[in-house]
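Just so you know, all these numbers are worked out from the coordinates, no wet-lab data involved. Nothing here was measured: the structure is a model prediction, and the numbers come from that model. So basically every Cβ, Gly included, is an ideal-geometry build from the backbone, and we count neighbours across all protein chains shown.
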Amino acid sequence: MAPILELRELSVSYETQGGARAVLSKLSLDVSAGEALGIVGESGSGKTVLVRSILGLLDPPFRTDHGTVVFEGRDLRQLDEQSFRQLRGGSIALTTPEPRKHLNPLISIGRQIVNVLRAHQTLAEQAARTRTIELLRAVGIPDPERRLAAYPHELSGGMCQRVIIAMALAHQTKLLLVDEPTAGLDVTISRQILDLMHELAVSHGTALMLVSRDLGVVAHYCRRVAVMYDGRIVEDAPVEAFFAGPAHPYSRQLLRAAAASRGKRGAEKRVDALAEPARTGCPFRPRCPVAVAACATAVPALQQVAAGRRARCLRAEALLRQELAA
Amino acid sequence: MSSDNPSLPATPLPRVGQQTAWRDFLSFTRQRGGFQLGLAIVALSLGLAVFGPHIGPYPTETALPGMPLQPPSWRHWMGTDVSNMDIFSRVIAAPRIDLTIALVSTAIAFAGGVALGVISGFFGGGRGVPKLLSEGIMRAADIIQAFPVFIFALALVGFRGPGTENVIAALAFLNIPYFLRITRGAVLQVRERPFVEAQRCAGNSEWRIAFVHVMPNALTPPLANISPTIGFSILLTSGLSFVGAGVPVPTPEWGSMIAIGAPNMMTGQWWTALFPGLVLGIVILGYALVGDGLKEFLDPVNKR
């Protein structure tokens, strides 16, 4: 299927007193229409910056240096503010962690959804109200007519997340960016929320880009997973193949760490203190258990390693053949 | 031994709404005598502003024949002044003009200061024209505040000539920077809250975010500043009138009454300036007390 979003060599840096630091380095990624893509990676790997840069919402000291963000054939970086605003909350929407903090505490939720509706289309008050009730019902909020007047502090975190989803899907959303959907919600609620989000995305044909640290969530809801490390995609694979055998040593560590936190047998019990990414050669080398001499000089490219999967590792093939232990 | 007690009554969820806010306010007030006193003084001054000129026993702007400088008595509670006018009638009539000036100028300063504060705070960190606008606003505020307040007010009124409207304009102008800074401080905090970013993601324009979403969340500090500003404006109005740059005589006004009475104090007629000054002091105290109380009540840190 044709990609709805194409990122090409996207580079973002962070200005510090000691000079610029790269946050995203020539990141390239496609999202197809209607697909569900999971983005995983540790804190600081650039996941959130990636989401923000797609929406064009990076403020200084962040700076987009290079690359293109093509959405439905248009380069968003060339777009003027007015047209970009039409996209945000329209064709591209974002849901955020900590839902309550993302709602204006002084405006009732009904009014907030009406505002979102009216930001992108001309709608009479009554029609907007009716549509808001529909949306609230669609996201599973009981008694929506009465809840219109509720304020965010009167709703639970899960309810607030549902309101956020209702806003995100208020228009013909083509791409829904989901940032850490499980943060701040307990397990059963986050499960319900994710089910709801997934169901709505499937029924609307909305592409999902799900950013999460929770590999289980990604495994369950996504068809494809992209692993980020140090501002780069280090692996990009179909979910089944990824969980069967990762093609990058970092992916393997992530999987083992996840298994360890669930208390699985044979899982890695301890993660070594994390070394800084290397400046030359493969950035992951300082933490890599399978690094060889060549890794110190060559920066690996993101290469096709099997059908439909790419990895950024000189030893990807060996990893895939499961020849490398530890 | 532990077991769930099925007969445990369900705890009702706290209703947070206007009713509880009002109840909170009442219980807060009940615990604070100073705040109660302030509220009483403010209420009384507002009442006098409406009815004061009509309830005094004597006319407020006409002389009583043959009664100059009478000491306080049952007929003239606060005595009479050098122009044969009853001081008590004039003292209770004065809030009409003093409060009008203070309320109108404070309202203008609040509106202007909040609007400019939102602009300068919200667009402060940005780039381009809004950033320049924000910087321009702050530097203008610096310039206004660099002058001693009273001297500047005097200069403004001197420039346009005395008169009620000019005093209002001068006070509004002088008070704008205070509201501006307070609002700006609040906006700088509010604009970093996640819902602001969420509104941006929903496709709102920056101006809409600034005034529809950020401003209402940043209003508490400037609202709490209204009451002390009113008190301060009354004082400044009286000060200007005292030096003859404010409300022209014979309109009853505390500052000009003190000015009229001041020479008589030297010659032993203490009541002429004392009573207007006393009432002026009490009223300003009242607004300050209300301001302090509101600040405490609205401060989320003090929420019990």
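The value of relative contact order for segment B:241-284, using C-alpha pairs under 8 Å at least six residues apart, is 31 percent.
Pairs of Lys residues in the protein assembly as shown that lie 8 or more places apart, or on two chains, and have C-alpha atoms under 26 angstrom apart add up to 9. Grouping the Cα pair distances of segment B:160-225 into 10 Å bins from zero gives a pair-distance distribution of 20, 36, 24, 14, 6, 0 percent in increasing distance order.
Take every Cα-Cα pair in segment B:126-279 and report what % of them are more than 21 Å apart.
Pairs farther apart than 21 Å: 59 percent.
Once the Cα atoms are used to define both axes, helix A:187-204 deviates from the longest principal axis of chain A by about 80 degrees. Shape class of segment A:81-223 from the Cα gyration tensor (axes a ≥ b ≥ c, square roots of the eigenvalues): oblate, since a/c reaches 1.5 or more and a/b does not exceed b/c. Placing unit charges on the Cβ atoms only, positive for Lys and Arg and negative for Asp and Glu, gives the protein assembly as shown a dipole magnitude near 1380 debye about its Cα centre. Applying 0.36 nm per residue to the separation of A:Ser28 and A:Glu199 and subtracting their alpha-carbon distance, the gain on full extension is 58.8 nm. Among all helices in chain B defined by DSSP H, which have a length of 15 Å or more along the axis from Cα atoms plus a Kyte-Doolittle mean of at least -1.0? Counting only whole DSSP H runs, the qualifying helices are B:18-30, B:33-55, B:95-122, B:128-146, B:149-160, B:164-190, B:226-242, B:254-266, B:271-298.
Panel note: the C-alpha atoms of the protein assembly as shown, placed on their principal axes, show extents of 118, 65, 52 Å (largest first).
Across segment A:222-231, coupling constants 3J(HN,Hα) worked out from phi with the 6.51/-1.76/1.60 Karplus curve, θ = phi - 60°, read 10, 8, 9, 10, 10, 9, 10, 9, 6, x Hz, and Gly and Pro carry x. Along the axis of the charge dipole computed for chain A (Cβ charges of +1 for Lys and Arg, -1 for Asp and Glu, origin at the Cα centre), the listed residues A:Ser156, A:Leu103, A:Leu314 are led at the positive end by A:Leu314. Coordinate range of the alpha-carbon atoms in chain B per principal axis, descending: 87, 64, 28 Å. Between the beta carbons of B:Gln145 and A:Ala150, assuming R0 = 41 Å, the FRET efficiency works out to 0.40 to the nearest 0.05. Let me know the shape class of segment A:1-102, please: from the alpha-carbon gyration tensor, a ≥ b ≥ c as square roots of the eigenvalues, rounded when a/c is under 1.5, otherwise prolate if a/b is greater than b/c, or oblate. The shape class here is rounded.
Here segment A:1-157 is treated with +1 on each Lys and Arg Cβ and -1 on each Asp and Glu Cβ, and its dipole about the Cα centre works out to around 360 debye. List the relative contact order of chain B as a percent without decimals, with contacts defined as Cα pairs under 8 Å and 6+ residues apart. 23 percent. Listed values for segment A:114-125 are Karplus-derived 3J(HN,Hα) couplings in whole Hz (6.51 cos²θ - 1.76 cosθ + 1.60, θ = phi - 60°), namely 4, 4, 5, 4, 7, 5, 10, 8, 7, 9, 5, 3, and x replaces Gly and Pro. Across all C-alpha atoms in chain A, the radius of gyration and Dmax reach 20.8, 69 Å.
With springs only between Cα atoms under 10 Å apart, run a GNM on chain B and tell me which of B:Val167, B:Val114, B:Val82 wobbles the most. Greatest mean-square fluctuation among the candidates belongs to B:Val82. Under 1.5 on a/c is rounded, so check that first for segment B:41-130, then, if it is not, pick prolate when a/b is larger than b/c and oblate when it is not; a ≥ b ≥ c are the square roots of the alpha carbon gyration tensor eigenvalues. Verdict is prolate for segment B:41-130.
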